[in-house]
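Scroll down for the structure; my scribbles are underneath it.
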Amino acid sequence: MQIAMASCLILTMGSIVYPLLYLLGSEKSDGILIAATGIVLVSSFGIEKLLNYLIYEQTLLSVFGNIDTSVLLVAGTLLIGITIFVTSFIFSITIYNRKEF
């Protein structure tokens, strides 16, 4: 579980930092890293609470039947991280193409 959460944190950190670096420039990279770290730490607690709520208190457990809940937690965490990263990739490409050098 910790590996999946760490992977999600790393993907989310990169997905926040790269578009902001393209948008604001490398001069503000220290502030971007500090802000991204704070956002990622706060959002990681939110993601964990959301997954726990969906798995344990809602019908998600009955939909997947006899799959172990830790597998659902790991899969959900990685799916959220990858989704955020792919969305960020699209934003980064858009920002980079509009940037004038």
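Could you order peptides 47-56, 90-99, 75-84 by the average number of other Cβ atoms within 10 Å of their residues, highest first?
Listed from highest to lowest mean packing, they are 75-84, 47-56, 90-99.
For the range 2-98, give the magnitude of the charge dipole about the Cα centre (Cβ charges: +1 Lys/Arg, -1 Asp/Glu; no others), in debye to the nearest 20.
220
Could you compute Rg(Cα) / (2.2 N^0.38 Å) for the range 1-49, with N its residue count?
Working: Rg = 11.6 Å, N = 49, 2.2 N^0.38 = 9.7 Å.
It is 1.20.
Semi-axes of the equivalent ellipsoid of the chain: what are they in whole Å, largest first, if each equals the square root of 5 times a C-alpha gyration tensor eigenvalue? It would help to have the intermediate numbers written out before the result.
On the way: eigenvalues 209, 39, 17 Å².
Whole-Å semi-axes of the equivalent ellipsoid: 32, 14, 9.
Kindly express, to the nearest 10 degrees and within the range 0 to 90, the angle between helix 29-52's C-alpha long axis and the longest C-alpha principal axis of the chain.
In the chain, helix 29-52 runs at an angle near 10 degrees to the longest axis.
For the modelled label position 7 Å from the Cα of R98 along Cα-to-Cβ, which residues of the range 17-40 have backbone nitrogen atoms closer than 15 Å?
19-25
Values quoted throughout were computed directly from the atomic coordinates according to the rules given, and no laboratory measurement underlies them. Bear in mind the structure is a predicted one, so any value in this text is a computation, not a measurement. Don't worry about glycine lacking a Cβ; one is built from the backbone with ideal geometry, like all the others, and counts go over all protein chains shown.
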